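*Asks:* Mind looking over this structure? Questions follow.
Values in this text are rule-based calculations from the coordinates and carry no lab data. Keep in mind the model is a prediction, meaning the values are calculated, not measured. Methodologically, a virtual Cβ is constructed for each residue, glycine included, from the backbone with ideal geometry; neighbour enumeration extends over all protein chains shown.
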Amino acid sequence: VQLQASGGGLVQPGGFLRLSCAASGSIVSFNAMAWYRQAPGIQRDLLAQITNDGTTNYAASVKGRFTISRDNSKNTVYLQMNSLKPEDTSVYYCNAKKGWTHTWGQGTLVTVSS
């Protein structure tokens, strides 16, 4: 399965974006889908995860502002990002986890700037 992330771009502080991660195959075969981000020189951090039963968890830095969701019929996972801050500027990656195996999509750049 390949993952294709999209939806990044330039947004002003306080604005919003919705990222999409489309899988080439069924996402229900994975234990969990997630979004990470990585800024230059910084490790890739887990932002949000959603399991097959819909359980979600979030990093403290985005909780209350970001929402992860999934549409199994479209094999797509979304990340709704609200109240964006300049420190949210990063490359965002989607991830699919099955056991100990991780599949990564290519990154999509989000820039928050006035």
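*Asks:* Quick check: convex hull over the Cα atoms of the chain, volume per residue in Å³, rounded to an integer? Let's see the in-between values first.
*Replies:* On the way: hull volume 10.5 nm³, N = 114.
Taking the convex hull of the Cα positions in the chain, it is 92 Å³ per residue.
*Asks:* Something else: Roughly speaking, what % of Cα-Cα pairs in segment 1-57 are separated by over 19 Å, rounded to a whole number? Mind dumping the intermediate values first?
*Replies:* Values: 681 of 1596 pairs.
Of all Cα-Cα distances in segment 1-57, 43 percent exceed 19 Å.
*Asks:* Under 20 Å between alpha carbons, and skipping anything fewer than 8 positions from Lys97 in its own chain: which lysines qualify?
*Replies:* Lys74
*Asks:* What residue among Ser20, Ser61, Ser83 has the largest mean-square fluctuation in a Gaussian network model of the chain, using Cα springs under 10 Å?
*Replies:* Maximum fluctuation in the GNM of the chain, among the listed residues, is at Ser61.
*Asks:* Give the percent of DSSP beta bridges with both residues in segment 31-70 that are antiparallel, rounded to the nearest 5.
*Replies:* On the way: 9 of 10 bridges.
Looking only at bridges with both residues in segment 31-70, the antiparallel portion is about 90 percent.
*Asks:* Filter the chymotrypsin sites (Phe, Trp or Tyr not before Pro) in segment 1-90 down to the DSSP loop ones having no more than 16 other Cβ atoms within 10 Å, then list what survives. Working shown, then result.
*Replies:* Values: sites: Phe16, Phe30, Trp35, Tyr36, Tyr58, Phe66, Tyr78; in loops: Phe16, Phe30.
Those that pass, being in a loop and sparsely packed, are Phe16.
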